Amino acid sequence: MSSDSYDVIVIGSGPGGYVCAIRAAQLGFKVACVEKRATLGGTCLNVGCIPSKALLHASEKYHEAHGLLAQMGVKVKGVELDLPAMMKHKDDVVKSNTQGIEFLFKKNKVDWLKGAGKILGAGKVDVAGKTYTAPRIVIATGSDVVSLPGITIDEKKIVSSTGGLTLDKVPETMVVIGGGVIGLELGSVWSRLGAKVTVVEYLDRIFPGMDLEISKEAQKIFKKQGIDFKLSTKVTSASSSATGVDLTLEPASGGASEKLSADIVLVAVGRRAFTDSLGLKEAGVEMDERGRVKTNGHFETNIKGIYAIGDVIAGPMLAHKAEDEGVVLAEMMAGQSGHIDYNLVPGVVYTWPEVASIGQTEEQLKSASVAYKVGKFPFMANGRARAMGSTEGFVKILADAKTDRVLGCHIVGPEAGTLIAEVAMGMEFGASAEDIARTCHAHPTLEEAVKEAALAVAGRPIHI
Ligand code: NAI
């Protein structure tokens with residue numbers, strides 16, 4: 001095989017692309033991964049999950065030092081924010097993660113083709129003016145931020161999540177457009193660091209699609225933390241001025257407009273599949289009505305040998321969904337079989353407390369006329385949560401009324417993103433609420449709240 005021909009060429013090195021490339025290499029393929037950014041890892045590692053988690057964690061510590069620690073008898077004097085140092089912590093975390101992927105590519109003999117990939121047709125990819133060939137091409141180009149009509153993101157005063165991760169000072173006021181995951185995660189960071197944050201959300205609730213009771217509870221907690229909400233409200237304009245940004249808001253149902261101004265506006269109204277300059281139209285690759293690459297159940301497009309995974313195709317725009325698709329696709333290309341249960345892709349919001357969700361919501365079960373039972377347990381009644389001084393929120397388990405099979409679990413509370421893993425595992429094995437309730441859970445742990453919620457499904461929790 002010549003140096004410019006491969007078994008598999010993956011375009012994009014985010015969690016979908018790099019995982020697919022590594023798994024394909026493990027399976028014996030000669031693999032290249034095309035990436036135009038100066039570092040590997042895509043949005044997630046460079047300007048998404050990883051840097052935001054670094055800032056979320058650091059700002060939580062800062063916030064704790066301002067109140068919670070003293071309540072526990074740890075007196076800290078002269079707490080100060082060193083924003084450049086916090087940003088350096090974030091940048092160091094990003095660097096070690098992106099370099100980690102470079103190391104893994106070397107270890108697995110995956111070639112990094114530097115530049116933007118353009119598909120020239122089945123089996124051919126152009127990278128920086130050179131043509132590479134492979135019978136299997138995987139599009140893993142991810143997604144990009146979107147703005148609103150008439151609002152231009154300048155990444156200085158009107159920022160997307162990318163600019164929201166690199167502000168050089170804490171704004172006094174910040175308006176977040178969109179009460180979704182990014183809005184609440186980054187809104188929390190800057191709120192904890194001292195900004196007065198107002199979230200403007202078009203719908204009458206935050207976190208659309210999530211179990212309604214959980215999203216209401218989360219909103220109540222965020223409000224107590226000092227974040228303001230303007231629900232059922234749309235932003236009709238936002239323009240930079242000498243002092244900040246001037247916004248016009250309107251009730252979503254129409255009516256009198258109001259003015260609002262802020263030092264910084266964060267636009268977090270969703271993302272779109274990224275397929276710019278990929279040559280898909282010329283190559284005849286079909287797209288769906290939302291500009292995503294259309295694939296069949298085997299991640300193959302209408303063109304034989306061209307596949308797509310991750311944010312660029314339908315489904316939740318989540319790193320772990322893309323990773324799983326990358327693994328399954330590599331295995332299918334190697335003649336193995338693979339399967340993803342999209343009902344069991346957990347969703348986590350890394351605020352404090354965290355919000356986590358898996359399976360069906362109550363609203364979904366109601367609209368499908370499924371008879372279900374609910375078991376709930378508050379963290380207020382969990383010994384470990386009390387010891388941590390983090391008693392807000394609850395665990396809710398939904399189980400089939402007849403069979404007791406767990407249909408969904410929704411958590412707002414400390415470490416919710418970690419707690420949901422137990423339920424994900426249980427649901428993968430078709431667990432009943434009774435199975436979870438009868439599993440021995442160590443004491444004192446937050447996990448006991450999951451066990452108690454499972455007991456509550458049968459009406460017999462011990463601690464409430
Ligand atoms: P999102 O879809 O989570 O939330 C967007 C919000 O904006 C929605 O609540 C929507 O109703 C609202 N909205 C839309 N148009 C509006 C308008 N004109 N005015 C006011 N509100 C409006 O999208 P987000 O937060 O931008 O995140 C993008 C993607 O990245 C999502 O798919 C999300 O799941 C993913 N992500 C996941 C993370 C995680 O798993 N922890 C972290 C960050 C992003």
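The values are calculated or read from the model by the stated rules, or taken from the named source; none is laboratory data. These numbers come from a predicted model, not from an experiment. Cβ placement follows ideal geometry from the backbone for every residue including glycine, while neighbour counts extend to all protein chains displayed.
Things to note:
- Subset of the stretch 365-391 (residues that are among the aliphatic types (A, V, I, L, M) and either surrounded by 18 or more Cβ atoms within 10 Å (Cβ to Cβ) or farther than 17 Å from E64 by Cβ (or both)): L365, A368, V370, A371, V374, M380, A381, A385
- In the stretch 168-202, the residue that is surrounded by the fewest Cβ atoms within 10 Å (Cβ to Cβ) out of those that are within 15 Å of the ligand (Cβ to nearest atom) and small (G, A, S) is G180.
- Matching residues in the stretch 316-363 - criterion: being within 16 Å of the ligand (Cβ to nearest atom) and in contact with a Lys or Arg (Cβ under 9 Å, 6 or more places away or on another chain): M317, Y342, V345, Y350, W352
- Residue satisfying condition, being under 27 Å from the mean Cα position of the chain (by Cα) and either assigned to a helix (DSSP H, G or I) or not assigned by TED's automatic domain parsing to the domain that holds S277 (or both), within set V94, V34: V94
- Taking the listed residues G28, G16, the one that is buried (at least 18 other Cβ atoms within 10 Å of the Cβ) and either in the same structural domain as D126 (by TED's automatic domain parsing) or among the hydrophobic types (A, V, I, L, M, F, W, C) (or both) is G16, with no other qualifying.
- Any hit, the stretch 107-116, residues being in the same structural domain as V245 (by TED's automatic domain parsing) and free of Cβ contacts under 8 Å to residues at least 60 places away in the same chain: no
- Unmet requirement for G284, which otherwise passes all of (1) within 16 Å of the ligand (Cβ to nearest atom); (2) out of contact with any helix residue (DSSP H, G or I) (no Cβ under 6 Å at 6 or more places or on another chain): (1)
- In the condition set (1) at pLDDT 95 or above; (2) over 19 Å from M317 (Cβ atoms); (3) out of contact with any strand residue (DSSP E or B) (no Cβ under 7 Å at 6 or more places or on another chain), I182 is compliant with all but (2).
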